[in-house]
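Novice: Okay, handing you the structure first.
The values are calculated or read from the model by the stated rules, or taken from the named source; none is laboratory data. Fair warning: this is a prediction, and the values are worked out from it, not measured in the lab. We place every Cβ from the backbone using ideal geometry, glycine too, and count neighbours over all the protein chains shown. Each accessible area value is taken on the protein alone, full model and side chains, heavy atoms only, with ligands, DNA and RNA left out. Shrake-Rupley method; radii C 1.70, N 1.55, O 1.52, S 1.80 Å.
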Amino acid sequence: MKLFYHPDQAHHAPGAFLVRGQLTSSPEGPVRAELLTKGLESMGLVLHEPEDIDSPRLRSRLASIHTPRYLSFLETIHARWRELPGASELVMPNIHPCGGGHHYPRHPVGQAGWHLHDMACPIGADSFRGVLASAATAQAAAEALIGGHGTTYALCRPPGHHAGPDRAGGFCFLNNSALAATVLRERFSRVAILDVDLHHGNGTQDIFYYRNDVWTGSLHVDPADFYPFFWGGANEEGMGEGLGTNVNLPLPLGSDGAAFLEALEALIARLEAFRPEAVVIALGLDAHRDDPLAGMTLETEDFFAVGKRLSRLAQPAVLVQEGGYPTEHLGDNLAAFMNGFSGS
Ligand SMILES: [Zn+2]
């Protein structure tokens, strides 16, 4: 398996985010990549660096899944924010268009509130470079699959599956899994994204909700009790041409490995019915019992079983790293998944 990582991802290092009213240390930082890399290196795996983190083809593909104004916002907002009197170092808006706004504002505070869906997406001076490096890593892995490398892995941070067409959320800015699927669609007519992160992949769902060429499926903690709260119900099945090509399997808060694997089996049955030619696996590891986001109770060996089951998919896959936050087990969890996947 060919694996990819770009060190410029570390340029996005926001340090803090707001949770339950408290400004606190963010679990989504460069240390995640270090821990995940250690897990891969313990298996003797080598990470390859994408050739570049910015190119016309990356911009063109991103423009097919995100709006032009959102991409422009991500690139320019930090400088515009810092010109405001008394502005903080990090872009963190204090107002959001709850229920949807009627017009798109010109002012940086209004635009930040429009595009940053929650308080987990602060933007620093160098964030955009880090976010682009994460996306370019997913792109490189998908291009390598098309180029004949078989299944590939992209170590992407920040993650991407909460990022929708016009907004960031849940530590995510550009949707890396959707980007990988976009690259695969250039070769294959039917592509699926299977999301095993602890959280619902609401951004991915939004991007493909009206399309029938990219199937999206997610198992996650029931949003009635957990982030992202407003999306991820079993009744969200796609719309228009996309009706029937979005599958959500919410699980109770605190679910264990057995429940997770049973739901995975059901999700794979739905995926196979779609008959995709290639698959993106949105690989979150935050369902572990010690993960600070505390939603499920999987053990490290459960990730081995998840990897083993996913290795039996008939299609080639791009594995895109989503969540999974710093604990002493994070690297081991990725290694367990990879060991299961590679049959060792
Ligand atoms: Zn997650």
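Novice: Solvent-accessible area of GLU89, probe 1.4 Å, all protein chains present, reported in Å² to the nearest ten, please.
Specialist: 90 Å²
Novice: Any number yet on Rg/Rh for the chain, C-alpha, Kirkwood?
Specialist: 0.94
Novice: Which of rounded, prolate or oblate describes the stretch 220-344 when judged by the alpha-carbon gyration tensor and an a/c cut-off of 1.5?
Specialist: oblate
Novice: Nearest 10 degrees is fine. How inclined is helix 257-274 to the longest principal axis of the chain, computing both from alpha carbons?
Specialist: Once rounded, the angle reads 90 degrees.
Novice: Still on this structure: In Å and from the alpha-carbon atoms only, list the Rg and Dmax of the stretch 86-242.
Specialist: Rg then Dmax for the stretch 86-242, in Å: 16.4, 52.
Novice: While we're looking at this one, here's another question. Leaving out ligands and nucleic acids, note down the accessible area per residue over the stretch 183-249 with a 1.4 angstrom probe, in whole Å².
Specialist: About 37 Å² of surface per residue is accessible.
Novice: Report, to two decimal places, the Cα Rg of the stretch 1-53 normalised by 2.2 N^0.38 Å (N = number of residues).
Specialist: This ratio for the stretch 1-53 stands at 1.43.
Novice: Please build a GNM for the chain, connecting alpha carbons under 10 Å apart, and tell me which residue among HIS115, HIS66, HIS48 fluctuates the most.
Specialist: HIS48
Novice: Next up: Provide the packing ranking of 250-257, 156-163, i.e. peptides ordered by the mean count of other C-beta atoms within 10 Å per residue, highest first.
Specialist: 156-163, 250-257
Novice: So what does LYS38 come to for accessible area, using a 1.4 Å probe and Å² rounded to 10?
Specialist: Surface open to solvent at LYS38 totals about 130 Å².
Novice: Calculate what fraction, in whole %, of the accessible area of the chain sits on carbon and sulfur atoms when a 1.4 Å probe is rolled over the protein chains.
Specialist: Its accessible area is 53 percent carbon and sulfur atoms.
Novice: Here's another thing I want to ask about it. Which Rg and Dmax, in Å, describe the Cα atoms of the stretch 59-153?
Specialist: 16.2, 53
Novice: What do you reckon, how do GLU322, GLU328, GLU34 stack up by accessible area (1.4 Å probe), largest on top?
Specialist: Of GLU322, GLU328, GLU34, the descending order of accessible area is GLU328, GLU34, GLU322.
Novice: Could you tell me the accessible area of THR245 in Å² (1.4 Å probe, neighbours in place), rounded to the nearest ten?
Specialist: 10 Å²
Novice: Now for a separate question. Can you work out the Karplus-derived ³J(HN,Hα) for every residue in the stretch 17-28? Use 6.51 cos²θ - 1.76 cosθ + 1.60 with θ = phi - 60°, whole Hz, and x for glycine or proline.
Specialist: Values, residue by residue: 8, 9, 9, 6, x, 10, 6, 9, 4, 7, x, 9 Hz.
Novice: Here is a follow-up. Restricted to Cα positions, what overall size does the stretch 201-287 have along the principal axes? Three whole-Å values, descending.
Specialist: Result for the stretch 201-287: principal-axis Cα extents of 35, 25, 19 Å.
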